[in-house]
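Okay, structure first, notes after.
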């Protein structure tokens, strides 16, 4: 979602000069974070699923989003100089398109690093190698989570800065937004186990964000209507939730 889409709120915000009205502004910023991060949450959930162990998934989300929070707060502080820095937008676009293409080409279908598998045929390898490999896998997932959130944050930070120039308020909204993102990502992890197309829909939404950033760089005069973007993302998520995996598994169990 573009920062311009909330500029109509600016006069109302600028009229609120008293900090007593922060209670009204903060929920608005959090709501913006939630709307702008819906596709971000499913992407983070899909990335963390590379670690099959639920405990490792939660650990990766905690560490990855903690690092992402540091990046996001730094981006807010430097927003005046960074948000118009085209190489950063180009890098973010390329990264998001790479994530989408990697999934669509099947690179994410490779089995993840073993996470201390017990009872797997060869105890000698299960006892020694996994500890080292799982650490490398966890570090890679944490880094991917942090950089993915940073790429998505370009839009949400731009929107928040357009709403208010109060740095502390924007940072508070960012902190609460990351906490909400952490909870939402864990919810999506469970949904990804249930709905067949949800992961692909999420990555297509990631690609859509990357493509939008790229188009904004190549052709700034070309403005995609906000309603078209929202309808596209909504259509992707409707398709993502269209087919369940759980009923088919139960049917197979009942048939056997």
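The values are calculated or read from the model by the stated rules, or taken from the named source; none is laboratory data. Being a predicted model, the structure only gives us computed values, none of them experimental. Cβ: placed from backbone, ideal geometry, glycine included. Neighbour counts: every protein chain shown.
Looking at residue 121, is it more than 27 Å from residue 161 (Cβ to Cβ), surrounded by fewer than 16 Cβ atoms within 10 Å (Cβ to Cβ) and at pLDDT below 65?
Numbers: more than 27 Å from residue 161 (Cβ to Cβ): yes; surrounded by fewer than 16 Cβ atoms within 10 Å (Cβ to Cβ): yes; at pLDDT below 65: yes.
When the stated conditions are applied, residue 121 passes them.
Any idea which of 73, 29, 51, 66 is part of a helix (DSSP H, G or I), within 29 Å of residue 200 (Cα to Cα), modelled with pLDDT of 85 or more and touching a helix residue (DSSP H, G or I) at 6+ places or on another chain (Cβ under 9 Å)? Reasoning before the result, please.
Values: 73 fails: within 29 Å of residue 200 (Cα to Cα); 29 fails: modelled with pLDDT of 85 or more; 51 fails: part of a helix (DSSP H, G or I).
Sole residue among the options that is part of a helix (DSSP H, G or I), within 29 Å of residue 200 (Cα to Cα), modelled with pLDDT of 85 or more and touching a helix residue (DSSP H, G or I) at 6+ places or on another chain (Cβ under 9 Å): 66.
Could you go through the range 82-105 and let me know if any residue there is modelled with pLDDT of 80 or more, assigned to a loop (DSSP other than H, G, I, E, B) and out of contact with any strand residue (DSSP E or B) (no Cβ under 8 Å at 6 or more places or on another chain). Outline the logic, then answer.
If we filter the range 82-105 for residues that are modelled with pLDDT of 80 or more, which is where we start, we get 85-105.
With assigned to a loop (DSSP other than H, G, I, E, B) added as a condition, the list becomes 85, 105.
Those left that are additionally out of contact with any strand residue (DSSP E or B) (no Cβ under 8 Å at 6 or more places or on another chain): 85, 105.
Yes, that holds for at least one residue.
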